[in-house]
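For reference, the structure is listed below as structure tokens.
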Amino acid sequence: MLRPGATARVCSGSIGAGLGLGAGDLLGTCVRRLLAQDPEGDAIVNAEVEWAWRSVVLYGWHCVRIRGDLVRAAPAVVLPMPGGHEGHQGHQGH
């Protein structure tokens, strides 16, 4: 685990009913921002996502926040062998 409890937040404004500035890809941007917190991070586990919307007259504000544990996925798992099997190379399938 690289960064437990990492948090990222992204907001965007819009005018009227989605006209003008627009909300865009807030979730994708937020995920990329969270992953960018550590160059080795390539996955988020135990994620909590919160969406928020506020409006004042014709202006609306969309926000998304992600809180999760930033990790590096392991491409392989190495399990220790019980004693006496140090030279065993696995099943060869002859």
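The values are calculated or read from the model by the stated rules, or taken from the named source; none is laboratory data. Note that the coordinates shown come from a computational prediction; the quantities given were computed from them, not determined experimentally. Cβ atoms come from the backbone with ideal geometry, glycine included; neighbour counts cover every protein chain shown.
Summary of values
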| quantity | calculated |
| --- | --- |
| Counted residues, the stretch 34-48 - those being out of contact with any Gly (no Cβ under 6 Å at 6 or more places or on another chain) and surrounded by 13 or more Cβ atoms within 10 Å (Cβ to Cβ) | 5 |
| Residue list for the stretch 50-94, filter: exposed (fewer than 13 other Cβ atoms within 10 Å of the Cβ), part of a strand (DSSP E or B) and either modelled with pLDDT of 90 or more or touching a strand residue (DSSP E or B) at 6+ places or on another chain (Cβ under 9 Å) (or both) | E50, W51, A52, W53, R54, S55 |
